[in-house]
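The values are calculated or read from the model by the stated rules, or taken from the named source; none is laboratory data. Note that the structure is predicted; figures quoted are calculated from it, not measured. Here the Cβ positions follow ideal geometry from the backbone for every residue, glycine too, while neighbour counts run over all protein chains shown.
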Amino acid sequence: MQQLTKRQLNIFEFIKKSDKIGNQEIKEYLNNISRFTILRDLKILLDNDLIEQKGKGRSIYYQEKTKNEFLQYVDIGEYFEVESDKRELRSEKFNFNVLKNIEGVFTDQEIKDFKELNKKYQDRIKNMSDDILKKEFERLTIELSWKSSKIEGNTYSLIDTEVLIKENKEAVGHKKEEAIMILNHKKALDYISDKQSDFKKITVLKIESIHDLLIDQLGIEKGLRHNPVRIIGTKYLPLDNQHQIKEAMDKIVEIINELSDPFSKAFIAIVMISYIQPFIDGNKRIARLLGNALLMAGHACPLSFRSVDEAEYKKALIIFYEQNSLRAFKELFIEQFKFAVENYF
């Protein structure tokens, strides 16, 4: 999404407060701003799917495009100028209402776009030999293992990761745990690939099976956590009661299994596992791997997240934690799916 100016944000907030706002009302609200500038600002809001235009001629008016509370616009640049301890959160604790309303984040048109993109992927792999498919999956494995680990602070380079996975040779000057983290990604991806059909319907135990592989030899407790956790950079407090964690996990599994398309399944899995934080560690890693398990089970292109900026990824999640807005992460997910289809297989 294009970064909005303060004036464009003011126009957007003005439109949000009413059911319908016309050009003249916007001009009066902005006082000395020219008609040309206002129309340019409105076009930017339209292009970013924040508002919609209705009516014709002098009867044209504008409305907020979505009333979905989970797709509210948050100016990320402005939001993170405020220190984490001083930000006003929509909810400092886990919001169970999210579980009741998480579906329907993607529009019908966006699902159609996903399917059209995915058809390109499916058409390509039909004509690929097993050797080429294996090499492409290895490439995606290397790049996902590198990026997913890097998001969590791993300092291996992409080249070092390639050497580690292909030759089992650890990079000099790095901790043993970093190599284990990366190799565990490969083990988990191989497991998911071998058992794709198992993830057409998921269970908490199946999620735990992936998590077990991701934390192997890292000294992390297996299973749903008993103790509270805190997240760097946010006041948001995940659930601290194991019974509530199990309840939330059971509910999100139920929601995912009821969905018909793999894109919504993967998206909800990634954001909600990150939000629930069901394990003592490795939550965002298991979220990304589970997302790929659901995509692959639905014959959709898996994601590497190779091109994602780590800081933007974390900010998009924190916006969800603190304001329950999925807009930023939704845009990130769409971009990464497009990237995957264009760059793999």
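Checked against the criteria, Asp250 does not count as within 17 Å of Leu295 (Cα to Cα), among the acidic types (Asp, Glu), assigned by TED's automatic domain parsing to the domain that holds Ile286 and exposed (fewer than 14 other Cβ atoms within 10 Å of the Cβ). On inspection, Ile180 fails the criterion of being among the aliphatic types (A, V, I, L, M) and under 20 Å from Leu303 (Cα atoms). Taken together, the criteria place Asp49 among residues that are at pLDDT below 85, closer than 30 Å to Ile252 by Cβ and assigned to a loop (DSSP other than H, G, I, E, B).
Of all residues being surrounded by fewer than 19 Cβ atoms within 10 Å (Cβ to Cβ), under 18 Å from Leu71 (Cα atoms) and of a type in the set (Asp, Glu) in the range 319-345, which is modelled with the highest pLDDT? Just the residue, please. Checked the range 319-345; the qualifying residue modelled with the highest pLDDT is Glu335. Counting the residues of the range 146-182 that are in contact with a helix residue (DSSP H, G or I) (Cβ under 7 Å, 6 or more places away or on another chain), more than 22 Å from Ile232 (Cβ to Cβ) and part of a helix (DSSP H, G or I) gives 6. If the condition is being part of a helix (DSSP H, G or I) and exposed (fewer than 15 other Cβ atoms within 10 Å of the Cβ), then the range 68-109 contributes Glu69, Gly77, Glu78, Asp85, Lys86, Asn97, Lys100, Asn101, Asp108, Gln109. Looking at this structure, is Gln24 assigned to a strand (DSSP E or B) and more than 30 Å from Glu258 (Cβ to Cβ)? Answer is no for this residue. Counting only helices (runs of 4 or more DSSP H) that sit wholly inside the range 242-324, those with at least 2 residues that are among the polar types (S, T, N, Q) and within 11 Å of the chain's Cα centre (by Cα) are 262-276.
Criterion applied to Ser264, Ser260 was being surrounded by 16 or more Cβ atoms within 10 Å (Cβ to Cβ) and assigned by TED's automatic domain parsing to the domain that holds Phe320, and the one residue passing it is Ser264.
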